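The values are calculated or read from the model by the stated rules, or taken from the named source; none is laboratory data. Just so you know, these numbers come straight off a predicted model, no measurement behind them. Every residue, glycine as well, gets a Cβ built from its backbone with ideal geometry; the counts of neighbours run over all protein chains shown. Please note that ligands, DNA and RNA were not included when accessible areas were found on the heavy atoms of the full protein model with its side chains. Shrake-Rupley method; radii C 1.70, N 1.55, O 1.52, S 1.80 Å.
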Amino acid sequence: MRHLNINFTEYLTIETNYAMLITGKWGVGKTYYYKHNLSKIIAETPTLADASKKYEPIHISLFGRTSIEDIQTEIFLSLRSFLKNKAFKLSAGLAKAIVRGMLKLKNLGNIDDYISDVKPDVEDWIELNQLVICFDDLERRSNNLPIEELIGFINDLVENSNAKIILIANEDKIKDNVYDDLKEKVIGINVEFIPDFNHNVQAIIQYRYAPAFSQYASFLTDHLESIIEHSSAIDSNLRILVFALDKLQTIHSEILTKVLDIPVTENHIIKEKLKDIIRFVLSISIEYRNREITYMKRNGIDRSMTLGSILDISDDSTFNSATEEDNKNENYKELFIEKYYKSLSEYKFFKSIYDYITGGSNFNITNLLEEIETEYHLENQKVLPQYEVLNKLNVNNYWNLNDREYNSLTRKMVNYAENGEYKIGDYLTVFGYATRLENHLNYIPGNLLKRFKAGIKKGKSNFTFDDHLSDYLDIPQIPNFKDELVELRQTILALNSEIGNEHNEIKTQEFLDLFDSDTLLFIAKAMENNGEWVQIPFFIKASPYKIYRKLIGLSGDDQLEFIRFLRGRYSSYLKPEFIEELPFFERLKDKLEPKSKARKKNTLKNHKLDFILKNVEEVIEKLKKLKRQFSKSKEPSKCE
C-alpha cells in the first residue's frame with residue numbers, strides 16, 4: 001500500500017484542481033483501507049490554506065443516491081458534529097455548495113445560524129478547502145443520477161472551491177458510455193488499489209476482533225499462515241474473508257468455552273484438529289459466498305473420501321453407474337479438493353459447520369465433537385488402533401515404510417477387517433490396500449473375500465446406516481480383482497440396506513409410541529412441513545388396537561385434532577405408498593364400529609366415536625380409489 005499512501009499524501013500537500021480516484025474490485029478492502037488508514041493521514045495533514053488547521057475527512061457513500069441534493073444533504077449532516085459547537089459556522093462558499101441539500105432537511109431551523117457572516121479572516125469558519133470529501137461507491141449510485149451531473153458537481157468543487165475530492169469505485173462496473181470522457185476532465189490521479197492480503201488480515205484481526213475477542217484474535221494470529229494460504233481463493237475479497245472469520249469466531253468461541261477451557265477435558269485431539277477446522281470453514285465460506293454451493297446444493301462434497309483417490313488409482317478406469325449429475329458433482333469435488341487441500345485423504349466433512357455456514361441451522365458444538373470422533377476414528381480422544389494402522393498405510397504415508405513394516409501393518413489390517421473392526425464403508429479401501437502393489441503379500445483373492453465378508457457380518461452390530469453409501473462406493477479397475485470387489489461391494493450395500501431397514505423399523509416404532517405418550521406432538525411431527533414423516537406411510541407398522549384404545553381415552557379437543565390430522569394428511573394428493581396403510585385403517589374401522597350394546601347407546605362419547613369412524617371411512621375410500629387408479633395405470637394398454 002506504500003505507493004497509494006505516497007500518492008495520497010502528495011495529493012493533499014500540493015495545489016490541485018482535480019480529484020483522485022482509487023479503483024479496485026468489489027470486496028478487496030478499498031473502503032476499509034480508507035477508513036482505517038487514509039482518513040488518519042487526512043486528519044494529520046495541515047491544510048494548504050492554513051497550516052494551523054488540519055484537514056477534516058468526510059466519507060459519503062453514493063450507493064442509491066438519486067440526486068445532487070441527496071449528496072449535499074449527506075455532506076451537511078457529516079458536518080453537524082462541528083456545527084453543534086456554536087463557535088463554528090459554514091463559510092459562505094461552503095454553504096453555497098451544499099445549500100440545496102440543507103433546504104431538504106426539516107426542523108433545521110434558521111439556516112443563517114449555520115452560515116458565517118461575510119467577513120474575512122474569521123478563524124472558526126469551516127471552509128471547503130479544509131475538507132477532504134471521499135465519495136465512495138461511485139458505480140452504485142442510482143440510475144436517476146446521471147454520471148455527467150455528478151461529475152459536473154465534483155468538477156465545480158475541485159475547480160472553483162479548491163476542494164480535495166477522493167473517489168472510490170470499481171471502474172469495471174461503470175457502464176456509462178460518457179464516463180471515460182468525463183473522468184478526463186475531473187480526475188487527475190488514478191490509483192489502482194492492489195491489496196496486501198497479509199496486511200489486510202492482520203488489520204482485520206486488530207480492528208475487528210482484538211478489542212472484544214482478544215483470545216480469538218490471538219488464535220487467528222497463531223494460525224495466520226493457514227488463513228494466508230487461502231488468499232488466491234478469496235481473491236482479495238475482504239467481505240468473504242470477514243464472513244468466514246465471523247463464522248469461525250462463533251465456532252472457536254464454542255470450542256473454547258465447551259472444550260478447551262475445561263481442565264478435565266481430554267482436549268489435545270481437538271487442538272490438533274483446529275487447523276482442519278479452519279481450512280474447512282474458510283473453504284466452505286468462500287464457495288458459499290461465491291454461490292458455488294448452498295445448504296441443499298452440496299455438489300458431492302458432503303462426504304470425506306472415495307476409494308479411487310485413497311488407492312491412488314486413476315479415476316479413468318472407474319467402474320460405476322454414475323449419472324451425469326454424479327459426474328458433475330465428482331468433477332466439482334475434484335476441483336474443490338485441488339483448490340483447498342493437498343490430497344483427498346486430508347479432506348474431512350463436518351456437517352454441523354457446513355449447515356451453520358450455509359444457513360441451514362445454528363452451530364451445535366455437540367454435533368461437531370461427534371463428527372470429529374467419527375471422521376478421525378476416535379474413542380476417548382484417542383485414535384482407534386485399527387485406524388492407526390489404516391492411516392499408516394494410506395497413500396500419503398506408506399511410502400515412508402520399509403518392507404517389514406509394510407507387510408506387518410498390512411497383515412494387522414486384514415486381521416482387524418476379519419474381526420469386523422472397520423466401518424462398513426471402509427472395507428473396499430482395506431481390500432484395495434491389501435491387494436495393491438500387484439498383490440504384494442500374495443493373498444488368494446477368493447479367500448480374502450471370504451474373510452472380509454465374514455468380518456462384515458461379524459461387525460454388523462457396530463455399523464451405522466449410511467444413506468449415501470452407494471453414491472461413493474465406486475470400484476476402480478484393480479487388475480484381476482474386479483469380480484471380488486464387485487461382490488464385496490454388493491455384500492456391503494446389502495448389509496447397509498439391512499441395517500437401514502432395521503434402523504427405520506426402530507425409528508418408526510419410536511414415532512408410533514409417541515401417539516400414546518403425547519398425541520398432539522405426534523400429530524405435529526406427522527404434519528410438519530417438509531418433515532421426515534409427511535410422506536412416510538408409518539401406519540403400516542401401527543397397532544390398530546393400541547391406536548383405538550388411545551383414541552377412546554382422548555379428550556374431545558384432542559379427538560378433534562386427530563380428525564383434522566386425518567383430513568389434512570389424506571387430502572386430495574396421496575402418494576401411492578399410502579395404499580399400504582389400507583389394512584390398518586380397515587382394522588381400525590372394525591374396532592370403532594358400534595358392535596356392543598354399550599357402543600350402540602345414544603351417548604355423547606359414542607357420538608364422538610361415530611364422528612371419528614366417519615372420517616376413518618373417508619380415508620379408506622380415498623385409499624381404495626388410489627389403489628384402483630394405481631392398479632389401472634400399471635395395466636398394459638390394449639394396443640400393446
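Observations on the model:
- Elements of type helices (runs of 4 or more DSSP H) in region 156-271, at least 3 residues being among the β-branched types (V, I, T): 238-255
- Residue match in region 173-183 (condition: in contact with a helix residue (DSSP H, G or I) (Cβ under 8 Å, 6 or more places away or on another chain) and within 23 Å of T9 (Cα to Cα)): yes
- Which listed residue, of E405, E421, is surrounded by fewer than 18 Cβ atoms within 10 Å (Cβ to Cβ) and over 30 Å from the mean Cα position of the chain (by Cα): E405
- Checking L554 against (1) farther than 27 Å from R628 by Cβ; (2) open to solvent by 60 Å² or more (accessible area, probe 1.4 Å), the condition it does not meet: (2)
- Subset of region 364-388 (residues that are open to solvent by less than 50 Å² (accessible area, probe 1.4 Å), under 26 Å from K247 (Cα atoms) and at pLDDT 85 or above): I365, L368, E371, I372
- Residue pairs meeting the criteria (Cβ under 8 Å; at least 6 apart or on separate chains; first touching a residue at least 60 places away in the same chain (Cβ under 8 Å), in region 229-257; second among the aromatic types (F, W, Y) and part of a loop (DSSP other than H, G, I, E, B)): N237/W26; R239/W26; T250/F363; I251/F363; E254/F363
- Per-region count, region 525-542, residues touching a helix residue (DSSP H, G or I) at 6+ places or on another chain (Cβ under 9 Å) and either surrounded by 14 or more Cβ atoms within 10 Å (Cβ to Cβ) or of a type in the set (D, E) (or both): 12
- Considered as a group, the residues in region 272-300 that are of a type in the set (A, V, I, L, M, F, W, C) and in a helix (DSSP H, G or I) include one that is surrounded by the fewest Cβ atoms within 10 Å (Cβ to Cβ), and that residue is L274.
- In region 14-31, residue surrounded by the most Cβ atoms within 10 Å (Cβ to Cβ) [restricted to those that are among the β-branched types (V, I, T) and outside any loop (DSSP other than H, G, I, E, B)]: I22
- Pairs are defined by a Cβ separation below 9 Å, a sequence spacing of at least 6 or placement on different chains, a first member in region 412-441 that is part of a helix (DSSP H, G or I), and a second member that is open to solvent by less than 10 Å² (accessible area, probe 1.4 Å) and of a type in the set (D, E, K, R); no pair meets this definition.
- Residue within region 353-363 that is open to solvent by 20 Å² or more (accessible area, probe 1.4 Å), hydrophobic (A, V, I, L, M, F, W, C) and under 20 Å from S253 (Cα atoms) present: yes
- Whichever residue in region 41-54 is under 50 Å from the mean Cα position of the chain (by Cα) and either surrounded by fewer than 12 Cβ atoms within 10 Å (Cβ to Cβ) or of a type in the set (S, T, Y) (or both) and, among such residues, is nearest to T16 (Cα to Cα): T47
- Residue tally, condition free of Cβ contacts under 8 Å to residues at least 60 places away in the same chain, under 41 Å from the mean Cα position of the chain (by Cα) and surrounded by 15 or more Cβ atoms within 10 Å (Cβ to Cβ), over region 179-188: 1
- Taking the conditions (1) in contact (Cβ under 8 Å) with a residue 40 or more places away in the chain; (2) surrounded by 13 or more Cβ atoms within 10 Å (Cβ to Cβ); (3) within 32 Å of the chain's Cα centre (by Cα) in turn, H468 satisfies each one other than (2).
Residue by residue, here is whether (1) modelled with pLDDT of 90 or more; (2) open to solvent by less than 10 Å² (accessible area, probe 1.4 Å); (3) touching a strand residue (DSSP E or B) at 6+ places or on another chain (Cβ under 6 Å) holds:
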| residue | (1), (2), (3) |
| --- | --- |
| D156 | no, no, no |
| S161 | no, no, no |
| K164 | yes, yes, yes |
| D172 | no, no, no |
| N177 | no, no, no |
| N190 | yes, no, yes |
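- If you go through region 332-369 and keep only what is part of a loop (DSSP other than H, G, I, E, B) and hydroxyl-bearing (S, T, Y), you end up with Y341, S343, Y347, T358, S361.
- Residue check, F511 open to solvent by 70 Å² or more (accessible area, probe 1.4 Å) and without any contact (Cβ under 8 Å) to a residue 40 or more places away in the chain: no
- Region 343-370, residues that are touching a Leu at 6+ places or on another chain (Cβ under 7 Å) and either without any contact (Cβ under 8 Å) to a residue 12 or more places away in the chain or polar (S, T, N, Q) (or both): S352
- Within region 55-74, the set of residues being loosely packed, with under 15 Cβ neighbours inside 10 Å and either part of a helix (DSSP H, G or I) or of a type in the set (V, I, T) (or both) comprises T66 only.
- Residue list for region 471-500, filter: modelled with pLDDT under 80 and either of a type outside the set (S, T, Y) or loosely packed, with under 15 Cβ neighbours inside 10 Å (or both): D471, L473, D474, I475, P476, Q477, I478, P479, N480
- Some residue of region 6-13 being in contact with a helix residue (DSSP H, G or I) (Cβ under 7 Å, 6 or more places away or on another chain) and among the β-branched types (V, I, T): yes
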